[in-house]
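The values are calculated or read from the model by the stated rules, or taken from the named source; none is laboratory data. Please read all numbers here as calculations on a predicted model, not as lab measurements. Counting neighbours? That spans all protein chains shown, and the Cβs are built from the backbone with ideal geometry, glycine included. All accessible areas refer to the heavy atoms of the entire protein, side chains included, with ligands and DNA or RNA removed. Shrake-Rupley method; radii C 1.70, N 1.55, O 1.52, S 1.80 Å.
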Amino acid sequence: MSGKLVLVGTPIGNLGDLSPRAVEVLTVADLIACEDTRRTGRLLQLTGIPKTKLVTVNDHTEFDEIERLLGEVAAGRVVALVSDAGMPAISDPGERLVAAAADAGLQIDVVPGPTAMTSALVLSGLPSVRFCFEGFLPRKGRDRTERLAVVANEPRTTVLYEAPHRLVRTLTDLAEACGGGRKVAVARELTKMHEEMWRGTLDDAVVWAADHALGELVLVVAGASPAAAATDAELQAALSVELEAGATRRDAVDAVTEAFSVSRRHVYQLMLDL
Ligand code: SAM
């Protein structure tokens, strides 16, 4: 093999998902760049590949290591890049290394492997013909509020990663932003012994998550219905119809939020502006 960078997918739980081609590439690679040498070392041990080829590339070192690794590729070596689990560069280090290799005109190959994102999507039962991936939402502040609003208005299915200790908070925020009736699927521990796929509405997911926030999790949120593209004027007209029919202001906000699958906060603001 002449010099190249090869992105290699590794299992997200079930070691049986390590492909023969992944083993082949990791065997012939001169260097294996990984996030954590102990974790990837265990994977290599199973396949009899020496751990001496491992070098650490994570969010802290990626920048410093890029030049060195690209130098190795340019000198004719094969550098494999893996992450702790799944596909490198998907909510994991790798993006900058690939971009720099592309800029340098170096050969880049991929050995496709498991990723939690598409595994959860195809299991969710939600539309998969068009979807988007948001990775982890920003943790707080305006960035988070703005991203939640983007998800709320996105007509395609959205896939999100989340840590267990933040699951209830994130589902609560999504219910607030999207309306609690929006469909969601939560994938837990994919390909592992306690794999579980929960499907329902965001409101019900908040209740479910109170005692299921364990392990590794992916959220798959249904896209906004076409009605969500309603203008503010249309939403206010719908609020007026509810009020004229005798609904309280609160019930009118609830009804319009539900009917249009839009943010309750936004409808509430429109009610105040009426
Ligand atoms: N590169 C990985 C991939 O291709 O899926 C993702 C790495 S990201 C740092 C880790 C997140 O992926 C976890 O917090 C979780 O949201 C998701 N994840 C990884 N493995 C998973 C699994 N077996 N089941 C459910 N979610 C998983």
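Observations on the model:
- Taken over the chain, lysine pairs spaced eight or more positions apart, or on distinct chains, with alpha carbons under 26 Å apart number 5.
- Loop trypsin sites (Lys or Arg not before Pro), segment 1-66, which have at most 15 other Cβ atoms in a 10 Å radius of their Cβ (DSSP): none
- Note on residue 104 and residue 143: with the Förster distance fixed at 25 Å, the Cβ-Cβ geometry gives a FRET efficiency of about 0.20.
- Only protein atoms count toward the accessible area here, which uses a 1.4 Å probe; on segment 169-274, the carbon and sulfur part of that area reaches 53 percent.
- Restricting the chymotrypsin sites (Phe, Trp or Tyr not before Pro) of segment 186-274 to loop positions (DSSP other than H, G, I, E, B) with no more than 16 neighbouring Cβ atoms within 10 Å leaves nothing.
- Taking 231, 118, 191 as the candidate residues, the one with maximal mean-square fluctuation in a Gaussian network model of the chain, Cα springs under 10 Å, is 231.
- Where Rh is the Kirkwood radius over Cα pairs, Rg/Rh for segment 232-273: 0.89
- Selected from 46, 10, 75, residue furthest toward positive end of dipole (segment 4-114; charges at beta carbon): 46
- Relative contact order, percent, segment 4-114 [alpha-carbon distance under 8 Å, six or more residues apart]: 46
- Taking every Cα-Cα distance in segment 32-191 and sorting them into 10 Å bins starting at zero, the pair-distance distribution P(r) comes out as 9, 31, 30, 22, 8, 0 percent.
- Rolling a 1.4 Å probe over the protein heavy atoms of segment 1-155, with every protein chain left in place, gives an accessible area that is 52 percent carbon and sulfur.
- For the chain, radius of gyration divided by Kirkwood radius, i.e. Rg to Rh on alpha-carbons: 1.10
- q = 0.10, 0.15 Å⁻¹, segment 117-221: log10 I(q)/I(0) [Debye, one scatterer per Cα]: -0.23, -0.53
- Take the chain with all the other protein chains still there, run a 1.4 Å probe, and you get 50 Å² of accessible area per residue.
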